[in-house]
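Asker: Would you mind keeping the following structure in view while I ask a few things?
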Amino acid sequence: MTEAEAASYTADEMMAVAAARRLEDGAVCFVGIGLPSRAANLARATHAPNCVLIYESGAIGAKPRHLPLSIGDGELAETADAVVSVPEIFSYWLQGGRIDVGFLGAAQIDRHGNLNSTVIGEYERPKVRLPGAGGAPEIAAWCRETFVMLRQTPRTFVERLDFLTTVGQPSDSNAPSARGGGVGVTCVVTDLGVFEPDPETRELTMTELFPDVTADDAREAAGWNLRIAAAIQLVQPPAIDELEALRALKPANQQTVSS
Amino acid sequence: MAEIVPLTDAVRDLVRDGDVVALEGFTHLIPHAVGHELIRQQRRDLTLVRMTPDIVYDQLIGMGCARKLVFSWGGNPGVGSLHRLRDAVEHDWPAPLELEEHSHAGMAAGYAAGASNFPFGIVRGYEGTDLSTRTNIAWITCPFTGERLAAVPAIRPDVGIIHAQRADAAGNVQLWGISGVQKEVVLGSRRSLVTVEEIVPELEPRPDAVLLPAWTVTAVSVAAGGAHPSYAHGYYDRDNAFYVRWDEISRDRDGFLEWMQRHVLETADLGEYQRLLQAREASTV
C-alpha cells in the first residue's frame with residue numbers, strides 16, 4: 001500500500017481503527033456483530049494478538065480468519081478455545097463478571113451513554129421496529145467497561161431516547177459495581193471522533209477529533225448541546241499497517257457486508 | 001420414547017393451532033424445514049418463542065401463522081432488518097403481532113428454568129431499563145444478600161423444535177458445535193420434535209456433544225439439509241449469501257408472497273424445495 005492509498009480511507013475504517021486502538025492486548029472482550037466485531041478483530045490482527053474474543057453464541061477465544069457475518073458463524077466455533085451453551089455464556093461468563101470489555105452498537109445514544117436498540121417512535125406503534133435488546137443490557141452492566149460504536153447524527157445522538165434498552169452508566173441505586181459489575185460506557189467511537197464520560201458529571205464529552213473533522217461538525221451532528229473537552233486530542237489517521245490489516249479482514253463466503 | 005416419523009406427520013401430530021412453539025438454534029442448526037412445513041400445513045395463532053427470530057420466523061410471521069412473538073433479538077444477523085417482522089409490528093400486516101421481549105440473558109434464564117422445572121430464572125439485568133416495564137418480569141430480593149434481581153418466568157412451550165446432526169435408530173440425538181439453548185428447549189417443552197441430518201446405526205461418542213436420550217424426545221424426523229440457510233457443523237456451511245438475498249426477497253409484500261408461494265406452498269416437501277432452490281441457483285450462475 002502506498003502512502004497515497006493509505007490517505008484515502010473511509011469514515012467506517014477510521015472508526016474501526018480508533019476503536020481497535022483502545023483495546024489492550026490480553027483484554028477479554030465480549031463482541032457484538034458489525035462494527036464492534038470488525039474493530040475487535042482488527043485489534044487482534046495488529047497490536048493485541050492476545051485479545052480474547054467472546055461471542056454471545058458461546059464461542060470463547062474465537063480467532064476467525066474471516067469477518068463473521070453472524071455471531072454464530074461456524075468459523076467462530078472452529079477457532080474457539082471453547083464453545084459453551086447460551087445459558088452458560090450469559091450466566092457463568094458475562095454475569096459471572098469475567099469480561100473486561102463489552103463492545104456494543106446501538107441506534108440511539110443519550111448524553112449519559114444510555115442506549116436504544118428497541119424502537120424509533122412509540123413502543124406500541126413504532127415508526128421503526130429495531131431488533132431489540134439482545135445481549136446489550138447485561139453486557140453494559142456486567143463487563144468491567146463498555147465501548148460503544150455508532151455513526152453520529154442528530155437522529156442517533158439524541159436529547160431523549162425513544163426507548164431505554166441499555167443503561168449506559170449505573171446509578172448509585174443500581175450500581176452493579178458494588179456487586180462486582182462494571183462502570184458502564186467508558187468510550188463512544190463515532191465517525192467524527194471519540195467521547196468519554198466527564199470524570200465528575202459523567203456526561204459524555206468529546207475528547208478526540210478525527211482528521212478533517214471540526215468541533216463544529218461534531219456539534220451539528222448531535223441532538224444535544226455537546227460538551228467538548230478543552231484539551232481535545234487530534235486522532236492520527238489510520239497507519240498503513242492498520243489499513244492493510246483492516247482490509248485483509250474479508251467476510252467469509254459473500255462479497256459485501258453491511259455492518 | 002422417541003418415534004421416528006416423516007417430517008410432515010410429525011408436524012401434523014405435534015403442533016396444533018394456538019400452541020406455544022419454540023423453534024430454537026442460535027444461528028447454528030435452525031430448524032428451517034420445520035418452519036416451512038408449519039407454513040405448508042397452515043398452522044394459525046401460534047405463540048412463537050425464539051431468542052433470535054431471524055429468517056425462519058420472518059417467514060412464519062409474514063405467512064400469518066403467528067399471534068404472538070416472545071424473543072430477545074429480531075434481525076437478519078449482519079444484514080439488517082427482518083422486513084416481515086417489522087411490517088407486522090409497524091403496520092399489522094398480515095395480522096397484528098403481540099410482543100413479549102427480553103434480553104438474551106433473560107430468555108436464556110427462562111429456558112434454563114423451564115428445563116429445570118423451576119418457576120422462574122434470575123437475571124442481574126433489566127434494572128433501570130424501559131424493557132423492565134414492557135416485559136413479563138418481577139423483582140425479587142435475594143434472601144441471603146438482599147440483592148435485587150429480576151425474575152424471568154420459566155419458558156415451557158407446548159412444542160420445542162430443534163435441528164441436530166444425527167440420531168440413531170432408537171431416536172437418541174447427538175448435536176455439536178454452537179449448541180445455543182437446544183438442550184433446554186427440548187427438556188422444557190411438553191412435546192418435542194428433533195429433525196436430523198441423518199439417522200445412523202450407532203452414535204459414536206463425540207467430546208463436548210450434546211446428547212438427548214431418546215426418552216427425552218417425542219419425535220425424530222430426517223431432514224437432510226433442513227437447517228439451510230443456517231448450517232449444520234460438520235455437514236454444510238452457513239449460506240451467508242442467502243441471508244443477504246433474503247433482504248431483497250422479503251422487502252415488499254408481493255415479492256415475499258410470490259417467493260413463499262413458489263418455494264414453500266407449491267413444493268410438497270423439503271426435497272422438492274431443495275431441488276427448486278438448486279435449479280434456480282444453477283440458472284442464475
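Asker: Go through A:Ile109, A:Ile89 for me and flag whichever is out of contact with any helix residue (DSSP H, G or I) (no Cβ under 7 Å at 6 or more places or on another chain), facing chain B (nearest Cβ under 9 Å) and of a type outside the set (Asp, Glu).
Answerer: Result of the check over A:Ile109, A:Ile89: A:Ile89.
Asker: Same structure again: Which numbered condition in (1) surrounded by fewer than 17 Cβ atoms within 10 Å (Cβ to Cβ); (2) charged (D, E, K, R); (3) modelled with pLDDT of 95 or more is the only one that B:Arg148 fails?
Answerer: B:Arg148 satisfies all of (1) surrounded by fewer than 17 Cβ atoms within 10 Å (Cβ to Cβ); (2) charged (D, E, K, R); (3) modelled with pLDDT of 95 or more except (3).
Asker: Something else now. With the checklist (1) in contact with a strand residue (DSSP E or B) (Cβ under 7 Å, 6 or more places away or on another chain); (2) among the aliphatic types (A, V, I, L, M); (3) modelled with pLDDT of 95 or more in hand, flag the one item A:Ala77 doesn't pass.
Answerer: (3)
Asker: Need pairs with beta-carbon distance below 7 Å; first residue more than 8 Å from chain B (Cβ to nearest Cβ) and within the stretch A:55-79, second among the β-branched types (Val, Ile, Thr) and surrounded by fewer than 24 Cβ atoms within 10 Å (Cβ to Cβ); sequence gap 6+ or separate chains.
Answerer: A:Ile60/A:Val84; A:Gly61/A:Val52; A:Ala62/A:Thr79; A:Lys63/A:Thr79; A:Pro64/A:Thr79; A:Leu67/A:Val257
Asker: Residues in the stretch B:180-196 that are more than 14 Å from every other protein chain (Cβ to nearest Cβ) and not basic (Lys, Arg): how many? Lay out the reasoning, then the answer.
Answerer: First, pick out the residues of the stretch B:180-196 that are more than 14 Å from every other protein chain (Cβ to nearest Cβ): B:189-196.
Next cut, not basic (Lys, Arg) only: B:189, B:192-196.
Matching residues across the stretch B:180-196 total 6.
Conditions (1) in contact with a Phe, Trp or Tyr (Cβ under 6 Å, 6 or more places away or on another chain); (2) not acidic (Asp, Glu), marked per residue:
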{"position": "B:Ala138", "(1), (2)": "no, yes"}
{"position": "B:Glu147", "(1), (2)": "no, no"}
{"position": "B:Gln165", "(1), (2)": "no, yes"}
{"position": "B:Ala169", "(1), (2)": "no, yes"}
{"position": "B:Gln174", "(1), (2)": "no, yes"}
{"position": "B:Gly180", "(1), (2)": "yes, yes"}
{"position": "B:Ser189", "(1), (2)": "no, yes"}
{"position": "B:Pro213", "(1), (2)": "no, yes"}
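Asker: Still on this structure: For the stretch B:227-262, which residues satisfy the criterion of being in contact with a helix residue (DSSP H, G or I) (Cβ under 7 Å, 6 or more places away or on another chain), in a helix (DSSP H, G or I) and without any contact (Cβ under 8 Å) to a residue 24 or more places away in the chain?
Answerer: B:Ile249, B:Gly255, B:Trp259
Asker: Continuing with the same structure: Hey, can you tell me all the residues within the stretch A:168-195 that are over 22 Å from A:Gly34 (Cβ atoms) and either touching a strand residue (DSSP E or B) at 6+ places or on another chain (Cβ under 7 Å) or at pLDDT 95 or above (or both)?
Answerer: Result: A:Gln169, A:Val183.
Asker: To continue, here is another question. Say we look at the stretch B:263-285 and pick out the residues that are out of contact with any helix residue (DSSP H, G or I) (no Cβ under 8 Å at 6 or more places or on another chain) and of a type in the set (D, E, K, R); which of these is farthest from B:Arg40 (Cα to Cα)?
Answerer: B:Glu281
Asker: From the list B:Ala169, B:Ala151, B:Ala214, pick out the single residue that is within 21 Å of B:Met51 (Cβ to Cβ) and among the aliphatic types (A, V, I, L, M).
Answerer: B:Ala151
Asker: Could you name every one of the strands (runs of 3 or more DSSP E) located completely within the stretch B:65-175 that has at least 3 residues being within 30 Å of B:Arg191 (Cβ to Cβ)?
Answerer: It comes to B:66-71, B:98-101, B:120-123, B:148-153, B:159-168, B:173-175.
Asker: Hey, among A:Ile60, A:Ile120, A:Ile89, which residue is of a type in the set (A, V, I, L, M, F, W, C) and under 28 Å from A:Asp191 (Cβ atoms)? Full working, then the answer.
Answerer: Working: A:Ile60 fails: under 28 Å from A:Asp191 (Cβ atoms); A:Ile89 fails: under 28 Å from A:Asp191 (Cβ atoms).
The match here is A:Ile120.
Asker: Can you say whether A:Phe210 is modelled with pLDDT of 95 or more, of a type in the set (Phe, Trp, Tyr) and within 18 Å of A:Ile139 (Cβ to Cβ), as far as the supplied structure shows?
Answerer: Numbers: modelled with pLDDT of 95 or more: yes; of a type in the set (Phe, Trp, Tyr): yes; within 18 Å of A:Ile139 (Cβ to Cβ): no.
No: the conditions fail for A:Phe210.
Asker: Any residue at all in the stretch B:57-64 that is assigned to a loop (DSSP other than H, G, I, E, B), assigned by TED's automatic domain parsing to the domain that holds B:Leu265, more than 17 Å from A:Ile71 (Cβ to Cβ) and of a type outside the set (A, V, I, L, M)?
Answerer: Looking for residues that are assigned to a loop (DSSP other than H, G, I, E, B), assigned by TED's automatic domain parsing to the domain that holds B:Leu265, more than 17 Å from A:Ile71 (Cβ to Cβ) and of a type outside the set (A, V, I, L, M), one finds at least one in the stretch B:57-64, hence yes.
Asker: Name the residue, out of B:His83, B:His104, B:His32, B:His36, that is in contact with an Asp or Glu (Cβ under 8 Å, 6 or more places away or on another chain), in contact (Cβ under 8 Å) with a residue 12 or more places away in the chain and over 18 Å from B:Ile137 (Cα atoms).
Answerer: B:His83
Asker: Go through the stretch B:67-80 residue by residue and tally those that are free of Cβ contacts under 8 Å to residues at least 60 places away in the same chain and closer than 23 Å to B:His28 by Cβ. Give the derivation first.
Answerer: Let us first name the residues in the stretch B:67-80 that are free of Cβ contacts under 8 Å to residues at least 60 places away in the same chain, namely B:67-69, B:71-75.
Filter once more, so that each one left must be closer than 23 Å to B:His28 by Cβ: B:69, B:71-75.
Result for the stretch B:67-80: 6.
Asker: Look at the stretch B:208-234 and say how many of its residues are within 10 Å of another protein chain (Cβ to nearest Cβ) and out of contact with any Gly (no Cβ under 7 Å at 6 or more places or on another chain).
Answerer: 4
Asker: Among the residues that make up the stretch B:79-89, is at least one of them more than 24 Å from A:Ser117 (Cα to Cα), surrounded by fewer than 24 Cβ atoms within 10 Å (Cβ to Cβ) and more than 9 Å from chain A (Cβ to nearest Cβ)? Steps first, answer last, please.
Answerer: Pass one, the stretch B:79-89, residues more than 24 Å from A:Ser117 (Cα to Cα): none.
No.
Asker: Kindly check whether there is at least one residue in the stretch A:225-243 that is at pLDDT 90 or above, more than 14 Å from every other protein chain (Cβ to nearest Cβ) and touching a Cys at 6+ places or on another chain (Cβ under 8 Å).
Answerer: No, the conditions are met nowhere in the stretch A:225-243.
A quick yes/no check of all residues on (1) at negative phi; (2) touching a strand residue (DSSP E or B) at 6+ places or on another chain (Cβ under 7 Å); (3) surrounded by 17 or more Cβ atoms within 10 Å (Cβ to Cβ):
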{"residue": "B:Arg40", "(1), (2), (3)": "yes, no, yes"}
{"residue": "B:Leu46", "(1), (2), (3)": "yes, yes, yes"}
{"residue": "B:Val49", "(1), (2), (3)": "yes, yes, yes"}
{"residue": "B:Cys65", "(1), (2), (3)": "yes, yes, yes"}
{"residue": "B:Lys68", "(1), (2), (3)": "yes, yes, no"}
{"residue": "B:Phe71", "(1), (2), (3)": "yes, yes, yes"}
{"residue": "B:His91", "(1), (2), (3)": "yes, no, no"}
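The values are calculated or read from the model by the stated rules, or taken from the named source; none is laboratory data. A quick note: this is a predicted structure, and the numbers were derived from the prediction, not measured. Here the Cβ is made from the backbone with ideal geometry for all residues, glycine too, and neighbour counts use every protein chain on show.
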